[in-house]
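The values are calculated or read from the model by the stated rules, or taken from the named source; none is laboratory data. What you are looking at is a predicted structure, and each value in this text was computed from that prediction instead of being measured. Glycine also receives a Cβ, built like all others from the backbone with ideal geometry; neighbour counts cover every protein chain displayed.
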Amino acid sequence: MTKTRWNFTIGAALALGLSASGAAKAQDYEWPDFFTVVTPVVGTANHSLGVAWTSEFSAQTSSRSRVLPAPNGFARAEWLATGEGRIAMLQASDYFDQMDAVSGFLNEQGGPYDTRVAVMNLVTPWSYMVRGDSDIESFTDIGPDTRVAVAASSAFLVTGIDALLAYNGLTQDDVQVVEVGGYGPNTSVVVEGRADVAFTGPISGTSYEAEANPNGIRWLPLPTRDEDPEAYARYRALMPGYTPLTTVSGTESALGLNVDHAFQANHVRAEEDPEFVYQLARWLDEHYEDFADDFVHAPMMSVDSMVRFLEAGHLQPIHDGAIRYLDEIGVWNEEYQARNDTLVQLATDRVALWQETLAQAREQGLDIGPESEEFRALWDANRTAAVGDMTYGELVLAIDE
């Protein structure tokens, strides 16, 4: 047991007087026979971590947990909403885009849905990768001649590129776009020399493979706000779900750099059984060291990461079952609860607005989906009438103002 985990456990025991009868009650919990955990594609850090903990969970309990890799972020959110998955990894940028019904989320089953954080998965660095022999060394080196990899399969990958361009006052129309079909090609297209820059994660298996190529790779450090406040504001307006941190995990080429990080959390539906979420959070904490050595980045799944998420100002609402466990170990407080209440209200208001829009679309006989300009216009009009021009991410960030 690590020192931090020891402090959490002992502190909780002293504060709450945990008894043998309480432990027996937890042991008596009847896990569901089976449940599915939706992850990103094979080769990503989140998929590897999902395999690590679910394998251990299935071996130790009467339940069986299956990892289901989804082809993109749109599918992860939709599979959770429709019940194909009981747990799904969504980082804040995915969640914000879903609540705004951006791009592939603009369909009946993929649009705004009330989900809550059950447990933290990873604290993941995201940055801009170039080949080691590239002349590009900073954000400001991006210009009209730059060949930019764009993976339309995931909204957050597209947004990451749009934010880099916005920093320089550019759009995709101003650069050479290299379209790729998924997360893996998004990296390989740079290694092969067909694109100059891609938005990706230093802890992904694809990035480790890329670093091993003869030319190596480099990452563009995130400029500080003071370097160019207006440029930074343009960038941050598109990247509200990220926190600048020093990279401590991932490829050697990324270590020590200041880049944006995403707190990637396992979500459940808001209506999920609180007892299931509580027991899962408890099992993952108490059995953390059973799978911590099974994957290099598994240590980030500890309660410490959830604490960092809360201390930074959590961006998605926490599920009641998770709150119960966090309160039990002495982590939860009134400040977190007040913020959570605000996040829940934002979410339920947005879901209600989406449902009203769907009902109006059906009454008007509109096609519902990203290809329907009429439906898109209806949603944009309803959203503007409700909250003005603010994106969902901006609404969340406004909590701190």
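Points worth noting:
- Flag for Tyr242 being buried (at least 18 other Cβ atoms within 10 Å of the Cβ), within 24 Å of Asp400 (Cβ to Cβ) and touching a helix residue (DSSP H, G or I) at 6+ places or on another chain (Cβ under 6 Å): no
- Looking only at region 33-73, and only at residues there that are free of Cβ contacts under 8 Å to residues at least 24 places away in the same chain and not β-branched (Val, Ile, Thr), the one that is farthest from Ala151 (Cα to Cα): Ala59
- Lone unmet requirement of (1) more than 16 Å from His267 (Cα to Cα); (2) modelled with pLDDT under 95; (3) within 19 Å of the chain's Cα centre (by Cα); (4) not basic (Lys, Arg) for Leu346: (2)
- Applying the set (1) surrounded by 19 or more Cβ atoms within 10 Å (Cβ to Cβ); (2) closer than 21 Å to Gly143 by Cβ; (3) among the β-branched types (Val, Ile, Thr) to Ile203 leaves exactly one unmet item: (2).
- Residue satisfying condition, being surrounded by fewer than 20 Cβ atoms within 10 Å (Cβ to Cβ), in contact with a helix residue (DSSP H, G or I) (Cβ under 8 Å, 6 or more places away or on another chain), at pLDDT 95 or above and not assigned by TED's automatic domain parsing to the domain that holds Asp94, within set Gln337, Gln364: Gln364
- Of the helices (runs of 4 or more DSSP H) lying entirely inside region 148-262, those containing at least 1 residues that are in contact with a Leu (Cβ under 9 Å, 6 or more places away or on another chain) and touching a residue at least 40 places away in the same chain (Cβ under 8 Å) are 155-167, 183-191, 229-238.
For (1) of a type in the set (S, T, N, Q); (2) closer than 19 Å to Gln109 by Cβ, each residue gets a yes or a no:
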{"site": "Thr342", "(1), (2)": "yes, no"}
{"site": "Leu346", "(1), (2)": "no, no"}
{"site": "Arg350", "(1), (2)": "no, yes"}
{"site": "Trp354", "(1), (2)": "no, yes"}
{"site": "Ile368", "(1), (2)": "no, yes"}
{"site": "Asp380", "(1), (2)": "no, no"}
{"site": "Gly388", "(1), (2)": "no, no"}
{"site": "Asp400", "(1), (2)": "no, no"}
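- Filtered by the rule that a residue be in a helix (DSSP H, G or I) and over 15 Å from Leu353 (Cβ atoms), region 378-401 gives Gly393, Glu394, Val396, Leu397, Ala398, Ile399, Asp400.
- Under the condition of being surrounded by fewer than 15 Cβ atoms within 10 Å (Cβ to Cβ) and either at pLDDT below 95 or in the same structural domain as Ala338 (by TED's automatic domain parsing) (or both), the residues counted in region 370-389 number 2.
- Those residues of region 50-93 which are of a type in the set (Asp, Glu) and touching a Gly at 6+ places or on another chain (Cβ under 8 Å), in sequence order: Glu78
- Candidates are the residues of region 153-193 that are exposed (fewer than 15 other Cβ atoms within 10 Å of the Cβ) and in contact with a Ser or Thr (Cβ under 9 Å, 6 or more places away or on another chain); the one that is nearest to Ala75 (Cα to Cα) is Gly181.
- When restricted to residues that are in a strand (DSSP E or B) and under 19 Å from the mean Cα position of the chain (by Cα), region 78-137 contains 18.
- Unique residue being out of contact with any His (no Cβ under 7 Å at 6 or more places or on another chain), among the acidic types (Asp, Glu) and assigned to a loop (DSSP other than H, G, I, E, B) when the list is Asp293, Asp304: Asp293
- Any hit, region 325-333, residues being surrounded by fewer than 21 Cβ atoms within 10 Å (Cβ to Cβ), over 30 Å from Thr61 (Cα atoms) and modelled with pLDDT of 95 or more: yes
- All conditions in (1) outside any loop (DSSP other than H, G, I, E, B); (2) within 21 Å of Phe35 (Cα to Cα); (3) among the charged types (D, E, K, R) hold for Glu271, with the sole exception of (1).
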